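The structure appears below as C-alpha cells.
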Amino acid sequence: MTSDSDLPDSLTPAMRDVLRRMARAARSPLHHLTPQAARAAYEAGSGVLEVPRQELARVEQISIPARDGAALDARLYAPATRGRQPEGGLPVLLYLHGGGFTVGSVATHDGLCRQIAHLAGCMVVSLDYRLAPEHRFPTASNDAWDALQWLAAHAATLGADASRLAVGGDSAGGTLAAACAILARDAGLPLALQLLIYPGCTAHQDTESHRRYAKGLVLEDEAISWFFAQYVRSPEDREDWRFAPLLAPDVDGVAPAWMGLAECDPLVDEGVEYADKLRMAGVAVELEIYRGVTHEFIKMGRALAEARQAHADMARALKAAFAAG
C-alpha cells in the first residue's frame, strides 16, 4: 500500500480509513502468493467489511453441468420457500463472482448474493465457475454461459421464472456477465438485465485510470497483471471479446444494462467506454459511478455507505427489469 499522503484527495474519509486499516494489517498482496494461497487469503478476508449476513427462507446447494461433463457447484438463494413464492416462480439472477478469474468463490460472495436476493425479492444462483491457472481461458466464460443456458432451461424445476432471467457479476464476474449477454443475444435467449459491477472490458491495461490508480487502492496494476497471467494461455487470448467485451464486433440487441463503477478504480475508464459502446448500439444503460471509493467497495457495506447505496440501486434496477419482463 502507498502512504496516506499519496492517496487521491477524492477518496471519502471512510474509504481512506479502510485503506489505512488494510495497510496496518500488512498482509502479503495476493499477487505475491501462489494461486492456492491467494484463494485462502481472499476467502479469509472476504467477509470482514460485509453487511450483516441476511437470513433467507431458502438457501440450497445445486449442481450445474458444464459442456465437458464437469459438475459445477452453485448456491441458490431465495427470499421465499417454494410454497410461499409467486405462481410462475421467482425472477432469477445468475451471479458470477469477481476475483481475477483466479480467486473468489460462492463462499466469498455469499453475503452479497444474500443481500441482492433479499433487497430485489428475486432468486440468485451464484456459480462456482472453474478458476485459473488450473482452468485457463475460455473455461470460466464457457462455464458461465453453460450455467446461464442451463438455468434458462431448468428454471421451473428450481421454482424460478425463465421469462425473467438476468445475469450479473463483479470485476472478472462482470466481464463474464457481459460476455454472456452477447452470447445470449446470439442464441436468441432473452435476458431482462445485465448487472455489471466494475467489469473488466479492455484487452490491455492502457487507459488513463489504469495509470492514475495503479498503486495503493485495493486493486493494483501488478495484481491485474498477475491475475491475467494465470488466466490467459497466450497474448492472442486478450484479443478475444470474451476476455475484453470492448472488442465485441457489435453489441446491438443485447440486454439492457445496469453498470456500477468505482471512481478510484483502474477499471473505471473501460467501464465508461463499455457503457458508451452499449449506448451507441441503442442499448438502454443505467450507469452509476460511486464517488470516492475503490474497486471491491461493493463488499464493504459495513464500512461504506456507497456500498449500501449500490446494493439498493442494484435491487431497484433488477426489480424494474423483472417487472418489465
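Any read-out appearing in this document is the output of simple, stated calculations on the displayed coordinates, not a laboratory observation. Model, not experiment: these values are computed from the prediction. Glycine also receives a Cβ, built like all others from the backbone with ideal geometry; neighbour counts cover every protein chain displayed.
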Exposure proxy ranking, count of Cβ atoms within 10 Å, fewest first, for Glu134, Glu273
Glu134, Glu273
Going residue by residue through region 183-200, the Karplus relation 6.51 cos²θ - 1.76 cosθ + 1.60 with θ = phi - 60° gives ³J(HN,Hα) values, rounded to whole Hz and with x marking Gly or Pro, of 5, 5, 4, 5, 8, x, 9, x, 10, 6, 6, 10, 9, 10, 9, 5, x, x
Burial-style ranking of 251-257, 66-72, 183-189, average other-beta-carbon count within 10 Å with highest first, yields 251-257, 183-189, 66-72
Report Rg (one decimal) and Dmax (nearest whole number) for the chain, counting Cα atoms only, units Å.
18.3, 57
Given the rule -39500 (n - 2.57) for each run of at least 4 DSSP H residues, summed and divided by the residues of the chain, what is its mean residue ellipticity at 222 nm, to the nearest 500 deg cm²/dmol?
-12000 deg cm²/dmol
Please give the FRET efficiency for Thr157 paired with Asp250, using the beta carbon to beta carbon distance and R0 = 35 Å, rounded to the nearest 0.05.
0.55
What are the semi-axes of the equivalent ellipsoid for region 286-325, taken as the square roots of 5 times the Cα gyration tensor eigenvalues, largest first, in whole Å?
22, 10, 7
Please list, ordered by chain and number, the residues whose modelled amide H lies under 5 Å from the amide H of Gly292; skip anything fewer than 5 residues away on the same chain.
Glu263, Cys264
Taking amide hydrogens as modeled 1.01 Å from N in the peptide plane, which residues meet the under 5 Å criterion relative to Thr102, leaving out close sequence neighbours?
Ala132
The orientation-averaged projected area of the Cα convex hull of region 218-303, in nm², is 6.6 nm²
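Calculate how many DSSP beta bridges within region 69-167 are antiparallel, expressed in % of all such bridges and rounded to the nearest 5.
On the way: 4 of 13 bridges.
Roughly 30 percent of the beta bridges in region 69-167 run antiparallel, per DSSP.
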Using a Gaussian network model on the chain with a 10 Å cutoff between Cα atoms, which of Ser171, Ser234, Ser209 fluctuates the most?
Ser234
Region 95-140 shape via C-alpha gyration tensor axes, a/c threshold 1.5:
prolate
Sticking to Cα atoms, compute the Rg of region 88-195 to one decimal and its Dmax as the biggest Cα-Cα distance, whole number, in Å.
12.9, 41
Counting Lys and Arg as +1 and Asp and Glu as -1, each charge on the Cβ, what is the dipole of region 4-324 about the Cα centre in debye, to the nearest 20?
1000 debye
Using the Karplus equation 6.51 cos²θ - 1.76 cosθ + 1.60 (θ = phi - 60°), what ³J(HN,Hα) coupling, rounded to whole Hz, does each residue of region 287-301 give in order, writing x for Gly and Pro?
10, 10, 10, 8, 6, x, 10, 10, 3, 6, 4, 4, 9, 10, x
When Ser10, Ser141 are ordered from fewest to most other Cβ atoms inside 10 Å of their Cβ, what list results?
Ser10, Ser141
